[in-house]
Amino acid sequence: MVQYVWLVLLLPLLGFLVTGIWRNRLSKTAIAMTGCGTVLGSFLVSCVLFFQALAPGFRSTQVHLFNFISVGTLQIPFDFQVDQLTLVFLLIITGVGFLIHLYSASYMRTDAGYGRYFSYLNLFVFSMLLLVLGANYVILFIGWEGVGLCSYLLIGFWYDRNDFNQAAKKAFIMNRIGDLGFLIGLFLMISRFSSVSFGEVFAQASALGTHSGVLVAITLLLLVGAVGKSAQIPLYTWLPDAMAGPTPVSALIHAATMVTAGIYMIARSHVLYSLAPATLNVVALIGLATAILAASIALKQYDIKKVLAYSTVSQLGFMFLGLGVGAYGAAVFHVMTHAFFKALLFLGAGSVIHALGGEQDIRRMGGLRRKLPVTYWTFLVACLAISGIPPFSGFFSKDAILAAAYREQPLLYYVGLAGALMTAFYMFRLFFITFHGDFRGTEESARHLHESPPAMTIPLVLLALLSFLGGWVGIPSSLGGKDLLGNFLAPVFRGGPAIPMPVAGGNTDLVLMIVAAALSIAVVFWTRSLYRQYKAETTPGRGLVRWLEHKWYVDELYDFLFTRPLPRLSNWLERHVESPVIDGAVNGMGRMVQWGSRKIRLIQSGQVGLYIFGMVAGAIILFLIAFFLI
Amino acid sequence: MDMPVNDYIFLSLALFCIGVMGVLIRRNAIIIFMCIEIMLNAVNLMLVAFSKFHHNASAQIFVFFIMVVAAAEVSVGLAIIVMVYRHSHTVDVGLMNRLKH
């Protein structure tokens, strides 16, 4: 059955082609059926594979399709690798992806580019599946670039809006910066190991031992790629701007696909990273810094999608922290639960925006609890999950990461906990401002308030169930659980050197958990008292608040450091290098030939004697050269 | 009875150089033509000398070919010179620069 894993890929690809080629011919219903159906098919195949993997005796399997590149000694086969890590990601991508497709079918109903939208969406899912299925870094990179392209297409979906196009370009360019690092890392890998297959590279890397310089270089370069794709400091600014796309796209980018690619890549390369502890420290620090910075920005945002975007960046930071302290399983666990509750949050936000006719500013919302009951309750579940309130899913995954961080270095835990508390604060600030208090919009929009149709609320309810229950697959042993997910993934992460971890007693874990949960609950109640009766602030904040409202002026800083000097540098180069040097060389060549021809023409005097003299002299010179020099 | 082959080479070289100098220096087309013939015959002499030296007759076949081609060439060349003379009443190559343009 594992041999048929290509079906998982083929279906979304077919969906992309059908909805793309016949986007103007097919009816909207047919397009929606194709788009959702193919992803549902992928999901079912993934489920079958997953249940096979649950059976004892399942081993990581390689499926060979054909030889992709064969140059000299370098062989790059088009192989798929199916193991536990891949299967978890397959389920997340196709499962959450399907719900988002289903939601989109209703959300985008009135849009003119319905077929185009679904073909992009299917291509997105296809690329992401290719990324997690590839058995070597090149296949992974194809998927990697594919999601980059699709994010560009989808963020700029409404291409008639200039600022949306700018956001799309920003996302693409930011990703390209990261991809460059990934690509250089790939080349370094090829030159060093003359292979890109996971198994081969890991085996050769293990032979090099820890603290090898080349491994640190490779892992750091791959990390640059992951930082770009997973929106970490310093390449995170594209993700909040990615809100320009339709809301379900934001859900897809933020939850199931794209941003988890970096996490997947590092988890997949865990052998390399464990061999380079220096890089792991960098990963942890980047993750922690991003988690804190993004959470602090989210505290003072007023755009419902912006808050969620920064919360994604912050949660990705937590995942990086988990990876950085060697808790790969915990990071993947958090990817999973995050996919559930973040998709739910975005789809819930989409439902709110839909009800308000495109309004995204939470200062003009409020009191939506009675009008949108389904959205209200599911959004509440998602907020509880992301804030780490037990027994919702986010609690278990976030706690697994924080516990691992504590074992590595207690300071990481304290800072991480601060980030988690900020998460609880900004999420419930958003929640109370949006759904409680009085409605602050116009009379006109108040009359149009309505709950979304069932095609949109059913995915919400399903995702709410997942957000509630999803964490139960990873209940740690200190709480009497079995940590099913951790055990399922254990064969993947067993390879490579074990990271020495001081074993904390179950009691420590329990205490940390209780402290985190109690503080989160306290923050939720504090937030409730602050924002339950929210009145729109009119005066812009001062001091720190102003910095937060302006996102620490990071965009302005990048603008000052890169965006504006770059055209100036280009102009300078154009004036002082392009025209005098390059154009000068090209035109000079032409002018030299003309000038030379004019001069040499004078030799042709018509005097036959001169010609003969030239001939004889030439013959003599050739003779001398042949005689003396050769 | 046998002369060393070097003597033939020097003689041939001398004849060839005379021919070259004649072509370079003289302006009369007919003299230039004769000088070319001298060069050709210098080469012929060399070929015959080496033919004898190596006891190989094939070089003499070349000589016959060269003589035949030279005869044909002389007839054409002289005809051209006659035509030039009829046209411009001179055989001075210094004045024959009409093809320059």
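The values are calculated or read from the model by the stated rules, or taken from the named source; none is laboratory data. Only a predicted model underlies this, so the values are computations on that prediction, with no experimental measurement involved. Note: ideal-geometry Cβ built from the backbone for every residue, glycine included; neighbour counts use all protein chains shown.
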Original post:
Of all the residues that make up the range A:330-351, how many are more than 18 Å from A:M319 (Cα to Cα) and within 16 Å of the chain's Cα centre (by Cα)?
Top reply: 1
**OP:** Scan the range A:381-393 residue by residue and report those that are in a helix (DSSP H, G or I) and either at pLDDT 90 or above or under 11 Å from A:A516 (Cβ atoms) (or both).
**Re:** A:V381, A:A382, A:C383, A:L384, A:A385, A:I386
Subject >> Single residue of A:T378, A:T434 found to be more than 24 Å from the chain's Cα centre (by Cα), assigned to a helix (DSSP H, G or I) and either under 24 Å from A:L469 (Cα atoms) or modelled with pLDDT of 90 or more (or both) >> reply: A:T378
Original post:
Pick from B:I66, B:I36: which is more than 14 Å from chain A (Cβ to nearest Cβ) and within 30 Å of B:N6 (Cβ to Cβ)?
Top reply: B:I66
**OP:** Look at B:M83 and say whether it is more than 14 Å from chain A (Cβ to nearest Cβ), in contact with a Ser or Thr (Cβ under 7 Å, 6 or more places away or on another chain) and assigned to a helix (DSSP H, G or I).
**Re:** no
Original post:
Of all residues in the range A:1-19, how many are over 20 Å from A:L131 (Cβ atoms) and in a helix (DSSP H, G or I)?
Top reply: 3
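Conditions tested, residue by residue: (1) touching a helix residue (DSSP H, G or I) at 6+ places or on another chain (Cβ under 9 Å); (2) modelled with pLDDT of 90 or more; (3) surrounded by 16 or more Cβ atoms within 10 Å (Cβ to Cβ).
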| residue | (1), (2), (3) |
| --- | --- |
| A:R25 | yes, no, no |
| A:C36 | yes, yes, yes |
| A:A53 | yes, no, yes |
| A:P56 | no, no, no |
| A:S60 | yes, no, yes |
Subject >> Of the criteria (1) more than 21 Å from A:P246 (Cβ to Cβ); (2) touching a residue at least 40 places away in the same chain (Cβ under 8 Å); (3) part of a helix (DSSP H, G or I), which one A:L285 fails >> reply: (2)
Original post:
Within the set of pairs 6 or more residues apart or between chains, which connect a residue that is within 16 Å of A:L129 (Cα to Cα) inside the range A:37-64 to a residue that is part of a loop (DSSP other than H, G, I, E, B) and among the small types (G, A, S) with Cβ atoms less than 7 Å apart?
Top reply: A:Q62/A:A135
**OP:** Please tell me if B:N56 is away from chain A (no Cβ under 14 Å) and in a loop (DSSP other than H, G, I, E, B).
**Re:** yes
Subject >> Residue list for the range A:589-608, filter: within 11 Å of another protein chain (Cβ to nearest Cβ) and of a type in the set (S, T, Y) >> reply: A:S605
